[in-house]
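To keep things clear, I will list the structure first and then write my remarks on it.
The values are calculated or read from the model by the stated rules, or taken from the named source; none is laboratory data. Just so we're clear, the structure is a prediction, and the values are computed from it rather than from any experiment. Positions of Cβ are backbone-derived with ideal geometry, glycine not excepted, and every protein chain shown enters the neighbour counts. Note: areas computed on protein heavy atoms with side chains; ligands, DNA, RNA excluded. Shrake-Rupley method; radii C 1.70, N 1.55, O 1.52, S 1.80 Å.
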Amino acid sequence: MSGELERAAAACLFPGFEGTAAPDWVLRWVERGLGGVVLFGGNIESHAQVRGLTRRLRGEGELLVATDEEGGDVTRLESRTGSSYPGNWALGAVDDVDLTDQTAASIANELAAVGINFDFAPVADVNSNPDNPVIGVRSFGSEPSLVARHVAAFVKGLQGQGIAACAKHFPGHGDTSQDSHLELPVVGGDLDEALEPFRAATDAGVRSVMTAHVRVPALDDEQATLSPRILQELLREELGFAGVAITDALEMRAVSATVGVEEGAVRALAAGADALCLGAEVDNRLVESTHGAIIEAVRSGRLAEERLVEAAGRVAQLGAWARTPRTGAAKPGLGAETARRALEVIGDVRLSGAPLVLELRPPASIAAGEPELAVGDLLGASETIVLVEGVPAPASPSNGRPLVIVVRDAHRHQWERDAVERLLRHESGAVVVELGLPVWRPEDALWIGTLGSGRANLEAAAEALQDRTGDL
């Protein structure tokens with residue numbers, strides 16, 4: 001029984017790891033029954049390299065290989081170049097569910113081609129609070145029914161190709177101004193509206209749901225990842241979800257800085273989670289200590305053995321379902337089409353020559369990471385200047401060149417708005433390009449809203465600025 005217990009505990013663990021090759025300790029854990037691994041941007045160098053990596057992992061045993069491939073701002077496969085797909089806010093703006101389905105199917109084909117069979121997508125959060133620092137354009141929108149229909153379409157697109165989808169972050173991370181990577185957020189708002197996309201995902205047959213490290217006082221004082229009320233009564237009994245409930249990364253400070261990773265793992269399993277995403281900065285020591293904490297909790301009676309066996313069984317069922325994804329051709333051109341259709345343009349934004357690009361760059365969320373590609377890279381800019389908070393923008397920097405001012409979520413950052421308004425007083429012909437939520441627009445300015453910072457979004461903006469498309 002001891003060996004079975006140890007394999008059951010291992011089946012619930014989903015660590016990340018450093019590097020582009022599988023470390024020996026990860027391979028040993030696959031032999032011991034590891035449920036899966038999660039690949040992050042640092043694990044990915046090229047498609048050929050990822051194919052080799054996943055093949056090596058599966059050489060030691062069957063397991064799920066997961067990643068966050070949302071498109072747009074959050075991409076792992078294209079973290080070095082920017083995503084070929086524009087992301088959820090753009091898809092919601094176009095509001096063509098067939099296009100969303102096709103986009104998800106194309107992403108699924110790219111994942112299947114490199115041996116990834118579990119996608120932590122789509123984001124099912126309704127971004128009802130525009131000050132949200134971590135969801136924003138990752139959401140399909142701020143209207144529950146819009147988000148719900150596109151979540152269902154995305155789930156169908158992924159799973160129609162045999163890639164397991166994961167609706168996140170249950171029961172909703174949209175109505176907060178805090179980031180669970182850094183702290184424990186409190187979520188308010190209309191609970192029924194927040195749950196509508198998760199109901200749609202469940203009705204669409206989603207195979208997995210990711211928990212949110214948030215506290216929802218209307219439901220429970222305990223954070224959702226550790227709450228039986230939320231994971232068992234609400235998710236299982238009320239919504240009727242029967243698939244794998246996986247936690248968001250336990251290394252995030254909402255858990256690691258409150259109860260700790262090991263204790264969080266035990267409590268999450270007891271609450272009703274099946275799989276434990278440990279995070280990116282994981283080593284053998286953390287996996288061993290988390291595995292040991294689970295075993296000890298069963299032996300001491302804190303965690304029912306039946307609960308652990310149930311969790312491991314659900315992970316195994318998901319692995320069996322996703323074992324042989326369908327093969328098909330990706331259609332990255334869909335991303336360019338969507339980005340063009342979603343682009344918002346005010347005024348004649350065509351440039352007369354090589355511009356000066358002034359990029360006002362706030363810190364990126366941990367989920368998205370700092371972008372590798374910038375607007376200036378696509379424009380043949382004569383010069384690109386990156387400014388962060390606290391560094392004043394020059395009053396009149398262009399010296400007769402066209403000026404493009406790039407901002408991200410300017411509505412959330414007073415320093416960006418102040419800098420733009422100061423620049424426009426001297427550079428009235430400048431074009432402002434907003435990469436985030438299109439909430440704030442300077443009065444009477446030439447303006448472009450990309451609705452995301454994926455490569456597809458930036459290329460659509462570059463086409464408009466350089467007048468390389470006839471339908472913008």
Residue in the range 189-203 that is farthest from L278 (Cα to Cα), counting only those that are of a type in the set (A, V, I, L, M) and within 20 Å of the chain's Cα centre (by Cα): A200
Search result, residues across the range 431-463 that are small (G, A, S), part of a loop (DSSP other than H, G, I, E, B) and surrounded by 24 or more Cβ atoms within 10 Å (Cβ to Cβ): G436, G452, S453, G454
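For A224, are the conditions met, namely being modelled with pLDDT of 95 or more and on the phi < 0 side of the Ramachandran plot?
Here the answer is yes, as A224 does meet what is asked.
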Hits in the range 394-427 - residues which are in contact with a Leu (Cβ under 9 Å, 6 or more places away or on another chain) and in a loop (DSSP other than H, G, I, E, B): P394, A395, S396, P397, S398, N399, R401, P402, R408, D409, H413, E427
Exclusive hit being open to solvent by 30 Å² or more (accessible area, probe 1.4 Å), within 16 Å of A113 (Cβ to Cβ) and in contact with a helix residue (DSSP H, G or I) (Cβ under 9 Å, 6 or more places away or on another chain), set R7, R58: R58
Segments classed as helices (runs of 4 or more DSSP H), wholly inside the range 175-278, with at least 1 members that are among the hydroxyl-bearing types (S, T, Y) and without any contact (Cβ under 8 Å) to a residue 40 or more places away in the chain: 191-203, 253-256
Unique match (being buried (at least 23 other Cβ atoms within 10 Å of the Cβ) and within 18 Å of V357 (Cβ to Cβ)) among R408, R401: R408
Counted residues, the range 1-32 - those being among the aliphatic types (A, V, I, L, M), at pLDDT 95 or above and in a loop (DSSP other than H, G, I, E, B): 2
Those residues of the range 394-420 which are over 23 Å from A464 (Cβ atoms), more than 25 Å from the chain's Cα centre (by Cα) and not aliphatic (A, V, I, L, M), in sequence order: P394, S396, N399, Q414, W415, D418
Odd one out for V391 among (1) closer than 30 Å to M252 by Cβ; (2) of a type in the set (A, V, I, L, M, F, W, C); (3) in a loop (DSSP other than H, G, I, E, B); (4) within 29 Å of the chain's Cα centre (by Cα): (4)
Helices (runs of 4 or more DSSP H) enclosed by the range 33-118 - at least 2 residues per element that are over 21 Å from K331 (Cα atoms): 47-58
Output for the range 233-256, where each listed residue is among the hydrophobic types (A, V, I, L, M, F, W, C) and either surrounded by 20 or more Cβ atoms within 10 Å (Cβ to Cβ) or within 18 Å of R285 (Cα to Cα) (or both): L234, L235, F241, V244, A245, I246, A249, L250, M252, A254, V255
Hey, T338 farther than 26 Å from V134 by Cβ, surrounded by 15 or more Cβ atoms within 10 Å (Cβ to Cβ) and either of a type in the set (S, T, Y) or without any contact (Cβ under 8 Å) to a residue 12 or more places away in the chain (or both) or not: no
Single condition L423 does not satisfy, out of (1) closer than 30 Å to F140 by Cα; (2) open to solvent by less than 10 Å² (accessible area, probe 1.4 Å): (1)
Matching option when the condition is open to solvent by 10 Å² or more (accessible area, probe 1.4 Å), on the phi < 0 side of the Ramachandran plot and in contact (Cβ under 8 Å) with a residue 24 or more places away in the chain, among L77, L53: L77
Test: residue in the range 209-223 that is open to solvent by 10 Å² or more (accessible area, probe 1.4 Å), more than 21 Å from N129 (Cβ to Cβ) and within 23 Å of the chain's Cα centre (by Cα): no
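Taking the range 125-159 on its own, how many of its residues are assigned to a loop (DSSP other than H, G, I, E, B), in contact (Cβ under 8 Å) with a residue 60 or more places away in the chain and open to solvent by 10 Å² or more (accessible area, probe 1.4 Å)?
Number satisfying all stated conditions: 6.
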